[in-house]
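Colleague: Before I ask anything, let me first share the structure, which is written out below as structure tokens.
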Amino acid sequence: MQNLRRQRLAGNSFLRHNWFVKILAVSDQVIDRMYTLAPGGHFQEVGLILGCGDLPYTYLEYIVTMLNMPMYYVPGNHDPEHSQTDQRARAEGGFNLDLKTAYIKNALIGGFGGCIWYRPDGTNQYTQADAYLRAFSMIPQLLTNRIKYGRALDVLISHSPPFGIHDDILDPAHHGFKALNWLARFARPLYLLHGHTHFYRNNLETQETLSGTTKVINVYPYKILEI
Ligand SMILES: [Zn+2]
């Protein structure tokens, strides 16, 4: 995974230093082993925690408490609508990165929550058109990053996969967002980490796919990567 960064570093005069941060990304399913692995020091080199949605906030709070590292997450369609005032609608100790970008540990990360709209009363669900509007709302931040840091994003976290990559065309609830394909082409992150689709569904054996210059990774249920 470091090869992509080295290629980017070699071709980008703005980046003059090598840096690596180990990331623990989690999504969609509570892993019971986390309750023994985290206290046992298994993730002690992890410097950044990323959540790709559909996880109980108590689980995220447990991870951030055990590892004591910055955590950023996006909400999934099984998460409540985000609220600053309702403690049940946010993960304490973490930052909701939906439609935002952040510069943390020399990494530029961005977030895009939710999934495709598939039922009327669903939370964090959007039509393809709504998703485009949401993605376009990130343009000012991405351009600012490009001016300030020489690149728009290193890692994009989302709940939904992009359209046609790790999604499931046979299931209306698991169509990917076309806006994410656009966002990846525009911001050119090294990695797009997503959740939402599980491997027991059709045609979802592939966990990593290179799309342009972005490696798309299905995080379900967790991944560790170094950038
Ligand atoms: Zn989901």
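The values are calculated or read from the model by the stated rules, or taken from the named source; none is laboratory data. Quick caveat: nothing in here was measured; it's all calculated off a predicted structure. Here Cβ is always computed from backbone atoms with ideal geometry, including for glycine, and neighbour counts include all displayed protein chains.
Colleague: Suppose we filter segment 143-173 for residues that are over 16 Å from the mean Cα position of the chain (by Cα), closer than 20 Å to ASP98 by Cβ and within 16 Å of the ligand (Cβ to nearest atom); how many remain? Please lay out each step first, then the result.
Modeller: Quick first cut of segment 143-173, residues over 16 Å from the mean Cα position of the chain (by Cα) only: 143-151, 164, 168-173.
Now narrow it down to the ones that are closer than 20 Å to ASP98 by Cβ: 143-145, 173.
Now drop any that are not within 16 Å of the ligand (Cβ to nearest atom), which leaves 173.
Residues in segment 143-173 being over 16 Å from the mean Cα position of the chain (by Cα), closer than 20 Å to ASP98 by Cβ and within 16 Å of the ligand (Cβ to nearest atom): 1 in total.
Colleague: Out of ILE116, ILE63, ILE104, ILE139, which single residue is among the aliphatic types (A, V, I, L, M) and out of contact with any helix residue (DSSP H, G or I) (no Cβ under 8 Å at 6 or more places or on another chain)?
Modeller: On the way: ILE116 fails: out of contact with any helix residue (DSSP H, G or I) (no Cβ under 8 Å at 6 or more places or on another chain); ILE63 fails: out of contact with any helix residue (DSSP H, G or I) (no Cβ under 8 Å at 6 or more places or on another chain); ILE139 fails: out of contact with any helix residue (DSSP H, G or I) (no Cβ under 8 Å at 6 or more places or on another chain).
None of the other options fit; the residue is ILE104.
Colleague: Within segment 166-194, work out how many residues are at pLDDT 95 or above, under 21 Å from SER27 (Cα atoms) and among the hydrophobic types (A, V, I, L, M, F, W, C).
Modeller: The number of residues fulfilling the criteria is 8.
Colleague: Of the residues in segment 99-116, how many are more than 16 Å from the ligand (Cβ to nearest atom) and assigned to a loop (DSSP other than H, G, I, E, B)? Quick ask: steps written out before the conclusion?
Modeller: Within segment 99-116, the first condition is being more than 16 Å from the ligand (Cβ to nearest atom), and the residues that meet it are 99-110.
Right, trim to assigned to a loop (DSSP other than H, G, I, E, B) and you get 99-100, 105-106.
Count: 4.
The rows are residues; the columns are (1) of a type outside the set (Lys, Arg); (2) in contact with a Gly (Cβ under 9 Å, 6 or more places away or on another chain); (3) on the phi < 0 side of the Ramachandran plot.
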site: ASN124; (1), (2), (3): yes, yes, no
site: THR127; (1), (2), (3): yes, no, yes
site: ALA131; (1), (2), (3): yes, yes, yes
site: PRO162; (1), (2), (3): yes, yes, yes
site: GLY176; (1), (2), (3): yes, yes, yes
site: LEU180; (1), (2), (3): yes, no, yes
site: ARG188; (1), (2), (3): no, yes, no
site: THR213; (1), (2), (3): yes, no, yes
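Colleague: Pick from PRO120, PRO140: which is at negative phi, in a loop (DSSP other than H, G, I, E, B) and more than 16 Å from the ligand (Cβ to nearest atom)? Steps first, please.
Modeller: Details: PRO140 fails: in a loop (DSSP other than H, G, I, E, B).
From the options PRO120, PRO140, the qualifying one is PRO120.
Colleague: Out of segment 69-85, which residues are over 18 Å from PHE20 (Cα atoms) and either at pLDDT 95 or above or crowded, with 20+ Cβ neighbours inside 10 Å (or both)? Reasoning before the result, please.
Modeller: If we filter segment 69-85 for residues that are over 18 Å from PHE20 (Cα atoms), which is where we start, we get 73-85.
Listed by number, the residues that qualify are TYR73, VAL74, PRO75, GLY76, ASN77, ASP79.
Colleague: Any idea which of LEU60, LEU48 is crowded, with 19+ Cβ neighbours inside 10 Å, in contact with a Leu (Cβ under 8 Å, 6 or more places away or on another chain), at pLDDT 95 or above and hydrophobic (A, V, I, L, M, F, W, C)?
Modeller: Values: LEU60 fails: in contact with a Leu (Cβ under 8 Å, 6 or more places away or on another chain).
That would be LEU48, the only listed residue that is crowded, with 19+ Cβ neighbours inside 10 Å, in contact with a Leu (Cβ under 8 Å, 6 or more places away or on another chain), at pLDDT 95 or above and hydrophobic (A, V, I, L, M, F, W, C).
Colleague: Show the residue pairs meeting these rules: Cβ distance below 7 Å; 6+ apart or different chains; first residue within segment 81-94 and closer than 18 Å to TYR59 by Cβ; second residue of a type in the set (D, E, K, R).
Modeller: HIS82/ARG90; HIS82/ASP98; ALA89/GLU81; ALA91/GLU61; GLU92/GLU61; GLY93/GLU61
Colleague: Okay, next question. Tally time: how many residues in segment 22-75 are outside any loop (DSSP other than H, G, I, E, B) and either within 15 Å of the ligand (Cβ to nearest atom) or of a type outside the set (D, E, K, R) (or both)?
Modeller: Pass one, segment 22-75, residues outside any loop (DSSP other than H, G, I, E, B): 22-26, 34-37, 46-51, 57-67, 71-73.
Filter once more, keeping what is either within 15 Å of the ligand (Cβ to nearest atom) or of a type outside the set (D, E, K, R) (or both): 23-26, 34-37, 46-51, 57-60, 62-67, 71-73.
Adding up the residues that qualify gives 27.
Colleague: Moving on to the next point. Given the conditions (1) part of a strand (DSSP E or B); (2) within 16 Å of the ligand (Cβ to nearest atom), and given that ASP79 satisfies all but one, which numbered condition is not satisfied?
Modeller: Checking ASP79 against (1) part of a strand (DSSP E or B); (2) within 16 Å of the ligand (Cβ to nearest atom), the one that fails is (1).
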